[in-house]
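To keep things clear, I will list the structure first and then write my remarks on it.
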2 protein chains.
Amino acid sequence: MTRHSSIGPIGVFDSGVGGLTVLRALRSVSPAENFIYLGDTARLPYGTKSAASVARYSLQCADALIQRGVRLLVVACNTASAAALDALRLHHPSMPVIGVIEPGARAAVAASVSQHIAVIATEGTTAGGAYQMAIQRLNPCARVTSLACSLFVSLAEEGWTEGPIAELVARRYLEPIFAQAGAPDTLVLGCTHFPALAAAIRAVLPRQVAIVDSAATTAAAVLEELGGAAGAAGVSGKVRWLATDGAARFARVGSAFLGETLRAESVESIDL
Amino acid sequence: MTRHSSIGPIGVFDSGVGGLTVLRALRSVSPAENFIYLGDTARLPYGTKSAASVARYSLQCADALIQRGVRLLVVACNTASAAALDALRLHHPSMPVIGVIEPGARAAVAASVSQHIAVIATEGTTAGGAYQMAIQRLNPCARVTSLACSLFVSLAEEGWTEGPIAELVARRYLEPIFAQAGAPDTLVLGCTHFPALAAAIRAVLPRQVAIVDSAATTAAAVLEELGGAAGAAGVSGKVRWLATDGAARFARVGSAFLGETLRAESVESIDL
């Protein structure tokens, strides 16, 4: 038996649909788990809001999930992980809380040979310097180059994840960083929307650059916290869907991020 | 003397910085007026939120401005004009309230020869069908083709308003509408962010298509409501700046929309 066995579902929250890439990774490593996913769509995006506002919203999201009996909290949003992880752990000392930044930082430090690491994220995440701090806690000599790539979020939400527009946007953001001597050898996708654009990003990067996807690394960290439990073979867990606004849009845009069809009728609307 | 003379400033609100294109147009036709501009940046964007949420936010914005003594309300946001204009007029029967949709619809009907009019806007504005209703109230035989162009908002906020990316995005959105027989002869920029992209949009449109910019048409409607007063010659009015979050970002991104430098220190933070 594992440390947490199967008492209560795992709570996952994000400002919207981006965190569904994390949920998708979680379900693929722990298919038997039950989850509650909360998208705070009424207040998205978090990426351009102040840290104080994002921390307040995150505490409200956590409360809503804890009231519904979750036994572990996953902050599936880089901006919220940057702004609210300490506050969440302080308010809920007995609840395991896992964000996306620490696992991403660990994976980047492990992947990089030169220890010059690039992080692309939303404006809020880069402004707070959370990845830089997390990476330099692991290796104080590591060098971090950060860049806000806001347009990637809209491209992913519009579903324009491939083709000339996605590649031109990726080129405009990334070429100044990677087309120089001493460029980073590792790129962290520091926003849960960005894995959707991985192919376009890959296409404009030098071949030797490693891409770290925080969805996969976070799922691995959750599995570790759960003691490596993969659940009973053949048993498929359930997901309960909550959104603070626009269930129809949440379902439509979210389906692409989740990789399966999400129906608007299965999304409960809640107020925070 | 004009009907409202100079008692109290004009209140202008938007979800963020887009409404600054309307304020800019207002100041250019009424340079002596005083204004209070409120950007509800804590809850932007409105364009992807439900109509009920946007109506609630708009009533709160209006209350904040009315408490500060405004004598006329300008809803400088298409989504809020679509979702909240009736509620605002109902709650404030003695306050003149001007949205951006009615003036834009009037200008489009006046400009179009074929009365086939295209409207590009955010998802919230197009979903509600507000332009279609406003245009068909003026001409029940008019035909309206609507399209959500969410990426234009991000391009404008990123400042990528010219060049190959802006043109490719404009082409991808607009070519399917305009490259066919019986295409519209008039295009309404139904989002206050879109005038920033007017050059890229113009570049991909057939020459004969007229562009209607709701900032300019709304400013004209306000001037009409004020009885055509252009204010005392040589006297320059003041603007008081309010934002519900992120004064620094508001000032930085807003400067491009306003066409002049806005300093973060001059932006008051308020809670709604």
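Structural remarks
- The value obtained for the stretch B:1-131, namely the Cα convex hull volume divided by the number of residues, is 116 Å³ per residue.
- Nearest beta-carbon to the A/B symmetry axis - residue in chain A, distance in Å: A:154, 2
- With one equal scatterer per alpha carbon and no solvent term, the Debye-computed log10 I(q)/I(0) for the protein assembly as shown at 0.06, 0.07, 0.11 1/Å reads -0.31, -0.42, -0.99.
- Where labels lie 7 Å past Cα in the beta-carbon direction, separation of residue A:91 and residue B:89 in nm: 4.1 nm
- When each of the peptides A:55-62, A:139-146 is scored by the mean number of other C-beta atoms lying within 10 Å of its residues, the order from highest to lowest reads A:55-62, A:139-146.
- Diagonalising the gyration tensor over the Cα atoms of the stretch B:101-214 and scaling each eigenvalue by 5 before taking the square root yields semi-axes of 22, 15, 11 Å, largest first.
- Once you reduce the stretch B:16-91 and the stretch B:117-175 to the center of their Cα atoms, the two points are 20 Å from each other.
- Shielding of peptide B:241-253 by partners, expressed as the average count of other chain Cβ atoms within 10 Å per residue Cβ, is 2.
- P(r) tail fraction, the stretch A:138-272 - alpha-carbon pairs more than 21 Å apart, %: 56 percent
- Taking every residue in A:161-167 and counting other chain Cβ atoms within 10 Å of its Cβ, the average works out to 2.
- Helices in chain A, meaning DSSP H runs of at least 4 residues, each add -39500 (n - 2.57). Divided by all residues, the mean residue ellipticity at 222 nm is -13500 deg cm²/dmol.
- Distance histogram in 5 Å bins (all Cα pairs of chain A, percent per bin): 1, 6, 14, 18, 20, 17, 12, 8, 3, 1, 0
- Per-copy distances of the residue B:176 label point, shortest first, in nm (7 angstrom along Cα→Cβ): 3.3
- Net charge dipole size for the stretch B:33-89 [Lys, Arg +1 and Asp, Glu -1 on Cβ; Debye, nearest 20]: 80 debye
- Straight Cα distances below 18 angstrom link residue A:49 to the lysines B:49, with same-chain residues fewer than 8 positions distant left out.
- Computed over neighbours whose Cβ is under 12 Å from that of residue A:237, the net charge equals +2, Lys and Arg +1, Asp and Glu -1.
- Cleavage-rule hits (GluC sites (Glu not before Pro)) in the stretch A:139-206: DSSP loop, at most 14 neighbouring Cβ within 10 angstrom: A:162
- Values of log10 I(q)/I(0) for the stretch A:66-142 across q = 0.20, 0.25 Å⁻¹ run -0.87, -1.16, by the Debye formula with one identical scatterer at each alpha carbon and no solvent.
- Label-point spacing at residue B:141 relative to the other copies reads 8.0 nm, in ascending order, each point sitting 7 Å out from Cα along Cα→Cβ.
- A simple packing score, the average count of other Cβ atoms within 10 Å per residue, orders the peptides A:182-195, B:251-264 as A:182-195, B:251-264, with the highest score first.
- Label-point spacing for residue A:252 across the identical copies (point 7 Å from Cα in the Cβ direction), in nm and ascending order: 3.2.
- Note that the stretch A:83-97 has calculated 3J(HN,Hα) couplings of 8, 10, 4, 4, 5, 5, 5, 5, 6, 10, x, 9, 9, x, 10 Hz, one per residue in order, obtained from phi through the Karplus relation 6.51 cos²θ - 1.76 cosθ + 1.60 (θ = phi - 60°); glycine and proline are x.
- Over all directions, the projected convex hull of the C-alpha atoms in the stretch B:198-272 averages 8.1 nm² in area.
- Among the residues of B:115-125, the average count of other protein chain beta-carbon atoms within 10 Å of the residue beta-carbon is 1.
- Electrostatic tally near residue B:135: other residues with Cβ closer than 14 Å to its Cβ, Lys and Arg +1, Asp and Glu -1, net +1.
Read-outs: derived from the displayed coordinates by stated rules, not from any lab. It should be emphasised that the depicted structure is a prediction, and the values quoted were computed from it without experimental measurement. For neighbour counting, all protein chains shown are included, and Cβ atoms are generated from backbone atoms with ideal geometry for every residue, glycine included.
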